[in-house]
Amino acid sequence: MNPESRLKAGALLKERPDLALIYKDIREDLERVESCLKLFTSSPIRLVSEINSYLFEREGKRIRPALVVLSSKLLHYPGDEHILLAALVEFIHTASLIHDDIIDGAETRRGRDSVHRRWGPNISVLLGDYLYIKSLGLSLESRHREIIRLLTDVSSQMIEGELIEYEMSGNLDLSEQRYLDIIGNKTASLFSAACRIGAVLAGASPEDEKRLLDYGHNLGMTFQIIDDLLDFVGDEKRLGKPTLSDLAEGRITLPLIHSLRSDGNLTRQQLERLISRRESIAEAKQEILSLVRSCGALDYTFRRAEEYSIRSREIISQFPESAPRDALSFLAEFVLAREK
């Protein structure tokens, strides 16, 4: 069964771990993270409080905060600072989504109006900036200067990834390596940082810290490649947005990159013609999908994601057996098989 069938028909649901089961041993910690988020998002300014409530009233997957918690527990960290830092990682992630939606002109996020659509770009820019600055300000409460530097650096790295992606918007000559560099900065860097925070808190050896950083990188790469694949083959109701939304916003991702280079000039010419005008992509959706399928780009994209997932599981298997290690390994499987 090809990856499109697996993802679209949900055949992997029987094989993948349930997220609630993965989180079962850290549920109390994640509830404390939610309490932190509610505390941090409260504001005497009505508009700020209103938008923050809108952003955080739905919990979502909370994968990044879970990585902070699980990596801390993997290395037997005994304190409570991981709760604060897990909340700050989610703050930084949310700020990046707000800016991302403004840049792309995205109208929906997780099945609802984006902040950009509901409150306009001016308010959204200010709120994204507010969340970044508040996150870095709250990080000063950490006793670990290395973590403060880490959160500052990863915020810069994510913004650099967004800038490069915007610069390459609509560029059909984007190479696969350049694409991987972009998603490494934009997405995988925060996964790596979340895992590394746990290592720093626990006073891990340089070897264990490097392992967790590499695990997070590979997990983040898996996550983003699957995200880009779902834009072509996902169920629109589950995704909460139309398929080919990324392409309509000018984002060139791996399925299209492979299609443009794998099947000669005819396929490339056909694709160039179909996507030359973004406003017509919805009308040409079926033709575009047919061309991408026909040259094996969906299979290729899934295999690349699978390579990163396997690597992340190989890395985490180097730690002694424990419940957090199993959860991190299962999380790599879940991310590969997710449908939204």
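The values are calculated or read from the model by the stated rules, or taken from the named source; none is laboratory data. None of these values were measured; they are calculated from a predicted model. Every residue, glycine as well, gets a Cβ built from its backbone with ideal geometry; the counts of neighbours run over all protein chains shown.
Does the stretch 292-309 hold any residues that are among the hydroxyl-bearing types (Ser, Thr, Tyr) and under 18 Å from Glu333 (Cβ atoms), and which are they?
Thr301, Tyr308, Ser309
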The lone exception for Ser205 - which of (1) at pLDDT 95 or above; (2) under 18 Å from the mean Cα position of the chain (by Cα) it fails: (2)
Residues within the stretch 110-133 that are in contact (Cβ under 8 Å) with a residue 40 or more places away in the chain, of a type outside the set (Ser, Thr, Tyr) and crowded, with 20+ Cβ neighbours inside 10 Å, tallied: 3
Members of the stretch 66-86 that are surrounded by fewer than 24 Cβ atoms within 10 Å (Cβ to Cβ), of a type in the set (A, V, I, L, M, F, W, C) and part of a helix (DSSP H, G or I): Ile83, Leu84
Test for Gly137: is it without any contact (Cβ under 8 Å) to a residue 24 or more places away in the chain, surrounded by fewer than 18 Cβ atoms within 10 Å (Cβ to Cβ) and on the phi > 0 side of the Ramachandran plot: no
Residue match in the stretch 174-189 (condition: crowded, with 17+ Cβ neighbours inside 10 Å and touching a strand residue (DSSP E or B) at 6+ places or on another chain (Cβ under 9 Å)): no
Which numbered condition Glu4 fails, given (1) surrounded by 18 or more Cβ atoms within 10 Å (Cβ to Cβ); (2) at pLDDT 85 or above: (2)
First in the stretch 31-45 and in contact (Cβ under 8 Å) with a residue 60 or more places away in the chain, second anywhere and in a helix (DSSP H, G or I) and surrounded by 15 or more Cβ atoms within 10 Å (Cβ to Cβ), Cβ under 6 Å, 6 or more apart: none
Leu239 out of contact with any Phe, Trp or Tyr (no Cβ under 7 Å at 6 or more places or on another chain), surrounded by fewer than 21 Cβ atoms within 10 Å (Cβ to Cβ) and over 23 Å from Ile310 (Cβ atoms): yes
Enumeration of residues in the stretch 244-292 that are under 18 Å from Leu230 (Cα atoms), charged (D, E, K, R) and either assigned to a helix (DSSP H, G or I) or modelled with pLDDT under 90 (or both): Asp246, Glu249, Lys285, Glu287
Restricting the stretch 148-171 to residues that are within 15 Å of Phe91 (Cα to Cα) and among the aliphatic types (A, V, I, L, M), the residue that is farthest from the chain's Cα centre (by Cα): Ile148
Selected residue (criterion: nearest to the chain's Cα centre (by Cα)) from residues of the stretch 208-250 that are of a type in the set (D, E, K, R) and under 18 Å from Pro324 (Cα atoms): Asp214
Given (1) of a type outside the set (D, E, K, R); (2) within 30 Å of Arg273 (Cα to Cα); (3) in contact with a Lys or Arg (Cβ under 9 Å, 6 or more places away or on another chain), number of the condition Gln157 does not satisfy: (2)
Asp173 being under 30 Å from Arg273 (Cα atoms), part of a helix (DSSP H, G or I) and acidic (Asp, Glu): no
Residue count for the stretch 202-217, restricted to those that are in a helix (DSSP H, G or I) and surrounded by fewer than 24 Cβ atoms within 10 Å (Cβ to Cβ): 9
Considering residues of the stretch 18-42 that are surrounded by fewer than 17 Cβ atoms within 10 Å (Cβ to Cβ) and assigned to a loop (DSSP other than H, G, I, E, B) only, the residue modelled with the lowest pLDDT: Ser42
Any hit, the stretch 201-223, residues being hydroxyl-bearing (Ser, Thr, Tyr), farther than 22 Å from Phe330 by Cα and out of contact with any helix residue (DSSP H, G or I) (no Cβ under 8 Å at 6 or more places or on another chain): yes
Top-ranked residue of the stretch 242-264 - restricted to ones that are among the polar types (S, T, N, Q) and surrounded by fewer than 21 Cβ atoms within 10 Å (Cβ to Cβ), ranked as farthest from Asp100 (Cα to Cα): Ser262
